[in-house]
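Worksheet for the structure shown next.
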C-alpha cells in the first residue's frame, strides 16, 4: 500500500513574509519553525484558518479536482487543525471540525467536511485483530492482516488439531501487526474522504473513496487507484481490514471483520467476528461468527448466517441457523460445503454438515451430515429430513451457477489473494461421489433390495431416490474420468497399444489419495498437510512464502488432478492406466459421450419446466385465457431461443465432436 508522501519532495522553513501572510489569513502555529513547506512551490494564498500544532510538512498546492457535476476545486488547506501531519503534493483539505493528528497524507488526496481524523500512535490499524469465527466463545480465532487469503484463514481456523502450526502462523501475523504499532496513520494518494464522521487509527490505501461513513476505527483499507475500496454513507466499522475492490456501503455495520477483494456489504447488513473472502455479496441481513468463503451471497433482510463455514453459497430469504442449544452456550458450528443453496425460510440446527452443491429446503433439527452425498436435496417432510442423492446434477440451477461464478469475478487486480478453482467436477467432488455410490450400495444391501425407504443417520432416502442417485453419480464420474482422459491425450495420435501407458503416465508426484476443498482451492490433503508440517517446523518462515505455496498448489491443479485420475482408473474401469488398450479408450470415450449427452438432455428437460403452463400463471393479467401465451412469450421468450438452452445444445454438439475427434486418433 503506497501511501507515503512523494519521497522526492524537499522542504524548507517558512520565511517571515510567508508567516505574516499566513497570519493575515487566519492561520496560527504553536511554533512556526516546526512548519515546513515544499521547496518546489508554496503559495500562502492556498491556506486559510489553519491551526498548526507540532511538526507539520506541506507539499505544493497546485493541483485541481473535478468533483461530481463538473465542479472544479483547486488545491488548498482551510478550516482545519493539523497536528503532527504531513500533507503531500496537490491536496485539498477543508472543513475538518476537530483536527487531523499523527497522519501522513499522500499526494492528491481530497478531504472535506470530516469530523476528526486521529492517529493515536497506539494502534496496529486493525492488523492482528482476532476474529472469532464459527465458535463465538473462542477457539478458532483468526488474526487478520492486509494479505489474508481464504486458504491461510482456513488453515488457522479449521486445522486446530495442528496446534504447533497454528501457533507459529498466528505468531507471524501478530509480529507483523506489532511492527505497525506506534507508527503514524496513512492516507493514500488520490484518496477521497468527504462528509465523514470520526476516523481513528485507520490506514487508507491509494484511491479509496470514503463518502459519508459515520465511524471508522482501528482498521486498514488496502486499495489501489485501479481497484479502489468504497466506504459509503452511515457505515460503522471497528477492527477491520477492507481488501482491494471491496465496497462497504449503505449503513453496513462491521465489527472485527475481514472484507475480501471485490466483496460487497450494503443495505444495512451487519456483521461481527466474520470473514468474507473474494466476491461475497451480502445485503440487508446479518452475519455472526461466519467463515464466508468466496461467493458467499445473502441478500434478504430476514436472513441470518451464524457460526458456519460457507463458500459459493446462495442463501434464500429467511435462511437461518442456530448455534445455541441453551446448555453450554453458543458453541456449535456448521459446515455448508461449496455451491449449496438454502431456500426461503430454511433452518438448520448446528452442528450439521451439508455436502457440496446441495439444496436445503425446510427445517432440519436432527444434525444432518450429507457430506458423503454431494449434489443432493435435503427436504423437510413431516418434521423429518428426506435426502435425495445426486439429483442436483440434473438441475439447471447448478450448471448456471458453475458458469456464472467465473464471469462474476470482479477482482480487477493481478494480485489475487484467494486461490479459486471454479470446477464443478474435481477429485474432491468426484471422490465424494465414488464414496457416495459405495454408501448407497451398503444401505441397499443392509436393508434389502425390496425396502421402500432407507435410513441414513437421521435422514430418510426413498428407494427410487437411492437408485437414481447412484445412476446420477455414475454418469458424473464417467463424465469426469472420460473428460480427463480425452484432455490428457490431447491432439496426439495413438499408433499402438504400447503408446498408451507413456501418453497417460502421470507427470506430478502429488495428487493421490483424498482431496480437500481449502475454501476455494482444490488440493490433495497430503499437500495441505505438508504445508501445515512445514509451518510447524519453521520451513515456511514468512507469510509471503506461505502465499507463494498456495499459488503454486493452485497452478499445479490439473497435473495433480491427472495423478488422482490415474490412481482411480482401475477402481472405476477395472484396468490401471498402464494396462489400457485402444479398445478400452474407445469404451471410456463412448461412456463419456453418453454421460455428457444424457446429463445435458436432463438439463434441457429441467429448463423446459420454466416454460410450462404452470409457469404462465400470472401472465395475461386481465385476459389470461386468450393473451397469457403472448404475454409470456414477449416477456420470457420462446424455449428454443433461451440462451441457456442454446448453450446446452451447443455443448452437446461440441463435446460430441470432441469425442469423435479423439476416436479418430485411436488405432
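The values are calculated or read from the model by the stated rules, or taken from the named source; none is laboratory data. Please read these numbers as outputs of a predicted model, since none were measured by experiment. Cβ placement follows ideal geometry from the backbone for every residue including glycine, while neighbour counts extend to all protein chains displayed.
If I ask for residues that are surrounded by fewer than 24 Cβ atoms within 10 Å (Cβ to Cβ) and either assigned to a strand (DSSP E or B) or in contact (Cβ under 8 Å) with a residue 60 or more places away in the chain (or both), which ones from the stretch 202-238 would you list? Correct list: 209, 211, 215, 217, 218, 224, 226, 227, 230, 236, 238. All told, residue 632 meets the bar of being over 27 Å from residue 402 (Cα atoms), in a helix (DSSP H, G or I) and out of contact with any strand residue (DSSP E or B) (no Cβ under 6 Å at 6 or more places or on another chain).
Here 549, 488 are screened, and the one residue that is touching a helix residue (DSSP H, G or I) at 6+ places or on another chain (Cβ under 9 Å), within 22 Å of residue 423 (Cβ to Cβ), without any contact (Cβ under 8 Å) to a residue 40 or more places away in the chain and surrounded by fewer than 20 Cβ atoms within 10 Å (Cβ to Cβ) is 549.
Determine whether residue 95 is in contact with a strand residue (DSSP E or B) (Cβ under 7 Å, 6 or more places away or on another chain), within 19 Å of residue 37 (Cα to Cα) and touching a residue at least 12 places away in the same chain (Cβ under 8 Å). Criteria not met by residue 95. For the stretch 569-577, the count of residues that are surrounded by 16 or more Cβ atoms within 10 Å (Cβ to Cβ), without any contact (Cβ under 8 Å) to a residue 60 or more places away in the chain and either within 20 Å of residue 516 (Cα to Cα) or in contact with a helix residue (DSSP H, G or I) (Cβ under 9 Å, 6 or more places away or on another chain) (or both) is zero.
Condition check for residue 179 on (1) out of contact with any helix residue (DSSP H, G or I) (no Cβ under 9 Å at 6 or more places or on another chain); (2) within 17 Å of residue 145 (Cα to Cα); (3) crowded, with 19+ Cβ neighbours inside 10 Å: one failure, at (3).
Considering 535, 503, 434, the condition of being crowded, with 20+ Cβ neighbours inside 10 Å and part of a helix (DSSP H, G or I) is satisfied by 535 alone.
Taking the listed residues 79, 113, 107, the one that is part of a loop (DSSP other than H, G, I, E, B), farther than 24 Å from residue 310 by Cα and either modelled with pLDDT of 95 or more or out of contact with any strand residue (DSSP E or B) (no Cβ under 9 Å at 6 or more places or on another chain) (or both) is 107, with no other qualifying. On the stretch given as the stretch 378-402, residues that are in contact with a helix residue (DSSP H, G or I) (Cβ under 9 Å, 6 or more places away or on another chain), surrounded by fewer than 21 Cβ atoms within 10 Å (Cβ to Cβ) and either under 12 Å from residue 360 (Cα atoms) or without any contact (Cβ under 8 Å) to a residue 12 or more places away in the chain (or both) total 1.
With respect to the conditions (1) in a helix (DSSP H, G or I); (2) under 32 Å from the mean Cα position of the chain (by Cα); (3) assigned by TED's automatic domain parsing to the domain that holds residue 519, residue 646 falls short on a single one, namely (3).
Looking at the stretch 301-309, can you tell me whether even one residue there is in contact with a strand residue (DSSP E or B) (Cβ under 6 Å, 6 or more places away or on another chain) and part of a loop (DSSP other than H, G, I, E, B)? Yes; the residues of the stretch 301-309 include at least one that is in contact with a strand residue (DSSP E or B) (Cβ under 6 Å, 6 or more places away or on another chain) and part of a loop (DSSP other than H, G, I, E, B).
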